Amino acid sequence: MFELRPDASPPLVNQIINGLRELIENNTLKPGAKVPSIRAFAATYSVSTFTVVEAYDRLVAQGLLISRGNAGFFVNRSANERINAQASKPRPVKPTFNSEWYLQQIFESRQLAFKPGCGWLPNDWMFEDGLRRGLRQVASSVMELSGYGDPMGLLELRTLTAQNLQQDLRIVVPPTQLMLTHGGSQALDLAVRTLVQPGDVVLVDDPGYPNLMSILRFQGATLIGVPRTPAGYDLDHLERLLAHHRPTVFFTQPHLHSPTCSRTPLVQLHRLLQLASQHGFRIVENNLYADMIAEPLPCLTSLDHLQQVVYVGSYSKSISPNVRVGYMLANPSLMQQLLHLKMRSGLTTSQVMERVVYAAITDGRWRKHLKRMRQRLSEAQQEVSRQLTRLGFELFVDSDEGMYIWTRHPAIPDSAALVDEALKHGIMLGPGQLFMVDSQATGWMRFNVAFSTEPALWEQLEKLLIKHVHATKGRLIEANYKC
């Protein structure tokens, strides 16, 4: 049927899988056809029966073969449908800029040449070496693999996380008030479903985190935006909102806020806690980017000691997006509610991955990795700011920390038009409309500095910008002529 080469790469198991898959794809092996038995295949190709067993088992798992009792192995009648479905690509459509578009772009646009609109760091910026060492360490250790983990999460990782929070952010919390979650997204979802009832008025940063806003809307909440300024919150506007609404929760990101990368001064944090106490609403503090802050900053949780505040953090931003390990802090009574909801919705989190994270952050190079990551972000902030300023963009805030720059161009009233055009040229931008509570068109857009330092990107953007500005001027002239 095909040739096997024992001395070549890939391994024999993969060669068998690839060979049979090709025969199925080109219809040499038709749907329903019987393939050679394990012993017959092994004898024909002079390979171990164990090798053939593993290859056949994988092909069954992939849905290409089926096993029928003592009759043998046959080509699955739906094998070609599976292959075609995997090979087919979605037809391009004009994007609709909402949270669903954002999630789709995150997982479908990794093949694009440039991704300044994404929300993660490049692979070579992550703690990949430490993660691999952690995987090897866990794989070689003796541990229970068949049972469930602790519903609160791995105790060793919770204890170490609590120690690091006290050292870095002055947050004093026992491990009993720290629960591990399936990334920061699950932590936010648990907070929403525990604290928010359908019809509740909820405050959020404006602009803010689109995935959170989608979760809140799905829960039936009414969202009210609290405007962000380069200096933090617009507290005067917040107080006017509180005079007319009775919010139950304020979901906010005080430091290295996404998308603006603004930070909140200490005096505003104190005032926000006073307003929360006065008006009886809770605060969920989203601090996913804490590892990117060079110098420790007071946060709402360190000031409040979890009386009114729930804290959300994650290891995904600084180790790897594939590491779905986050955590949340809350007072004891609220933590019990969060724990029960976590168990109802997904039982426990993966203790295997939690052990991998624990091994990674106890690696002697973890702190050096964080220092290097912050330095690279600072350098990227400076370079991308320079490029944006050169092209006439306005920066929301001048920062030397964090992943993002929030910016707009005076000639682009609606960034969605530029984003749409950029997609055609293999560039994923972050349209500002996506981050606005009212989803209205805006000229603002978000750049991820770690993906925005290549000269070729700026050459492309400059051409697109010139084209876009000329087209806009042409439309304005035509409209004035008609008037």
Checklist line | Ascending count of other beta-carbon atoms within 10 Å, so fewest first, for Arg170, Arg390 | finding: Arg390, Arg170
Next item on the list: Convert 4 °C to kelvin, take the viscosity as 1.567 mPa s, use the Kirkwood radius over C-alpha pairs of the chain as Rh, and evaluate the Stokes-Einstein diffusion coefficient in µm²/s, rounded to a whole number.
Entry: 51
Next item on the list: Assuming R0 = 22 Å, can you tell me the calculated FRET efficiency for the pair Gln278 and Asp234, based on Cβ-Cβ distance, to the nearest 0.05?
Entry: 0.80
Next item on the list: Taking amide H positions as placed in the peptide plane 1.01 Å from N, state which residues far from Val284 in sequence (5 or more) or on other chains have amide H under 5 Å from it.
Entry: Phe250, Phe251, Thr252, Val310
Margin query: How much length would be gained if the chain were fully extended between Asp150 and Thr28, taking 0.36 nm per residue of separation minus their Cα-Cα distance, in nm to one decimal?
Written below: 38.9 nm
Check: Across 10 Å bins from the origin, how do the percents of Cα pairs in segment 129-246 run, short distances first?
Finding: 11, 26, 30, 22, 9, 2
Next item on the list: Assuming a ≥ b ≥ c are the square roots of the Cα gyration tensor eigenvalues, decide whether segment 12-87 counts as rounded (a/c under 1.5), prolate (otherwise, with a/b larger than b/c) or oblate.
Entry: prolate
Item checked: Footprinting exposure proxy for Ile224, Ile66, Ile412 (fewest neighbouring C-beta atoms within 10 Å first) -> Ile66, Ile224, Ile412
Notebook entry, point to check: Taking each full run of DSSP H in the chain as one helix, which ones are at least 24 Å long along their axis (Cα atoms) and have mean Kyte-Doolittle hydropathy of at least -1.0?
Noted result: 455-482
Note to self: Tell me the relative contact order for the chain as a rounded percent, counting alpha carbon contacts under 8 Å between residues six or more apart.
What the structure shows: 18
Check: Taking +1 at the Cβ of each Lys and Arg and -1 at the Cβ of each Asp and Glu, which of Ala456, Thr51, Pro410 sits farthest along the dipole of the chain towards its positive end, judged by Cα position relative to the Cα centre?
Finding: Thr51
Next item on the list: Can you tell me how much longer the chain between Ser345 and Asn331 gets when fully stretched, taken as 0.36 nm per residue apart minus their C-alpha distance, in nm with one decimal?
Entry: 2.9 nm
Checklist line | Hydrodynamic radius by Kirkwood, which averages 1/r over all alpha carbon pairs of segment 366-453, in angstrom | finding: 13.8
Item checked: Links that overshoot a 22 Å alpha carbon limit, given the list Lys317/Lys368; Lys342/Lys368; Lys115/Lys368; Lys424/Lys463; Lys317/Lys424 -> Lys342/Lys368; Lys115/Lys368; Lys317/Lys424
Checklist line | Order of Asp168, Asp398 under a 10 Å beta carbon neighbour criterion, fewest first | finding: Asp398, Asp168
Check: Can you give the charge dipole size of the chain about its Cα centre, rounded to the nearest 20 debye, using +1 on the beta carbon of Lys and Arg and -1 on the beta carbon of Asp and Glu?
Finding: 920
Item checked: Gain on full stretching of the segment that runs from Ala40 to Arg367 - 0.36 nm per residue minus C-alpha separation -> 112.1 nm
Check: What are the aspartates and glutamates whose alpha-carbon lies under 17 Å from the alpha-carbon of Lys371, with same-chain residues fewer than 8 places away excluded?
Finding: Asp124, Glu128, Asp129, Asp168, Asp291, Glu295, Asp363, Glu379, Asp400, Glu401
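Values in this text are rule-based calculations from the coordinates and carry no lab data. Everything numeric in this text was worked out from a predicted model, so none of it was measured. Please note: Cβ atoms are built from the backbone with ideal geometry, for glycine as well, and neighbour counts cover all protein chains shown.
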